[in-house]
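Read the structure below first, then the notes.
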């Protein structure tokens, strides 16, 4: 691949999408209570976290992940279809499965693995789509 094209605005939007999807995924509308129970976190523990640190680092890490996928999808032949497929393959095939391996050794429940693994897979699929369509 000689000419890599990265849409930096699309990468930034992908990082924001991580937080937006996470806000929905881990909200009371979807998996908040189930995730909290499976993670073994109390309301008090969640209230004690530093939101600026947590969300700031989450955004930064999401930005780096989006750039990483953008480099893989930087070819001019990339389309929305290929971006979505590549995002799914990276999300499920790499990120979710290594997360599942670690969670198995931590003796986490399948429910915990499916909630978090589902988020990972959907997130990477979404950013692959955004990067693929927003050329």
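The values are calculated or read from the model by the stated rules, or taken from the named source; none is laboratory data. Note that this is a predicted model, so its numbers are computed, not measured. Glycine gets a Cβ as well: all are built from the backbone with ideal geometry, and neighbour counts include every protein chain shown.
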Item checked: residue 129 part of a helix (DSSP H, G or I) and farther than 26 Å from residue 27 by Cα -> no
Check: Looking at the range 34-54, is at least one residue touching a helix residue (DSSP H, G or I) at 6+ places or on another chain (Cβ under 6 Å) and under 30 Å from residue 76 (Cβ atoms)?
Finding: no
Note to self: Only one of 22, 74 is surrounded by 15 or more Cβ atoms within 10 Å (Cβ to Cβ), assigned to a loop (DSSP other than H, G, I, E, B) and within 20 Å of the chain's Cα centre (by Cα). Can you tell me which?
What the structure shows: 74
Notebook entry, point to check: Considering the range 25-59 alone, what residues qualify as being in contact (Cβ under 8 Å) with a residue 40 or more places away in the chain and part of a helix (DSSP H, G or I)?
Noted result: 25, 34, 35, 38, 39, 58, 59
Margin query: Given the criterion farther than 17 Å from residue 13 by Cα, surrounded by fewer than 12 Cβ atoms within 10 Å (Cβ to Cβ) and at pLDDT 95 or above, identify the matching residue among 96, 42, 121.
Written below: 42
